[in-house]
Amino acid sequence: MRHRFCGLALAWAALLVAAPAVLAQEELPEGVTQEMIAEGESLFKGAGVCAVCHAQNAEGMPNLGADLTDDEWQHSDGSLKGILHSITKGVTADKSSTGSVMPPRGGSGLSDSQLEAVAAYVWSLRRE
């Protein structure tokens, strides 16, 4: 009896541990995966050069890049589509909250799918 109980307890424990990952996956926008968000973070902090203005922690650099972790969207409605549009098209100095230009595609040579990953990562920042 004891072995059966232990096995059942382990099964429930495994379900409880896996449940948050399943729920988190269900809450993601259509087409977005946890792997995509992880790729976006890597690109944000590296080849995408986003961190140059927005900092490694995405909290922004004074007079350069807006804070992407707070509750205020400067150039988007906060949707994945809106964030991707801002990244793809850029932000002119006259519309920028810091007065600095964000060039289209962030000034990087990232592909469209890589930009989508970066947008997914930025989208995820306010949901952590």
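The values are calculated or read from the model by the stated rules, or taken from the named source; none is laboratory data. Predicted, not measured: the structure shown is a model, and the values here were computed from it. Don't worry about glycine lacking a Cβ; one is built from the backbone with ideal geometry, like all the others, and counts go over all protein chains shown. Protein only, heavy atoms only, side chains kept; ligands, DNA and RNA dropped before computing areas. Shrake-Rupley method; radii C 1.70, N 1.55, O 1.52, S 1.80 Å.
Values computed for the structure shown
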| quantity | calculated |
| --- | --- |
| Pairwise centroid distance, computed over Cα atoms, of the stretch 64-109 with the stretch 114-128, Å | 13 Å |
| 12 Å beta-carbon shell around Asp67, net charge (K/R +1, D/E -1) | -3 |
| Residues of the stretch 18-128: accessible area per residue with a 1.4 Å probe, Å² | 57 Å² |
| The stretch 24-128, relative contact order in percent, only Cα pairs under 8 angstrom and at least six apart counted | 33 percent |
| Most to least packed among 114-124, 41-51, 75-85 [average Cβ atoms within 10 Å] | 114-124, 41-51, 75-85 |
| Counted charge near Ser86, where neighbours are those whose Cβ lies closer than 12 Å (Asp, Glu -1; Lys, Arg +1) | +3 |
| Nearest-0.05 FRET efficiency for Arg126 and Asp94, computed from C-beta distance (R0 22 Å) | 0.30 |
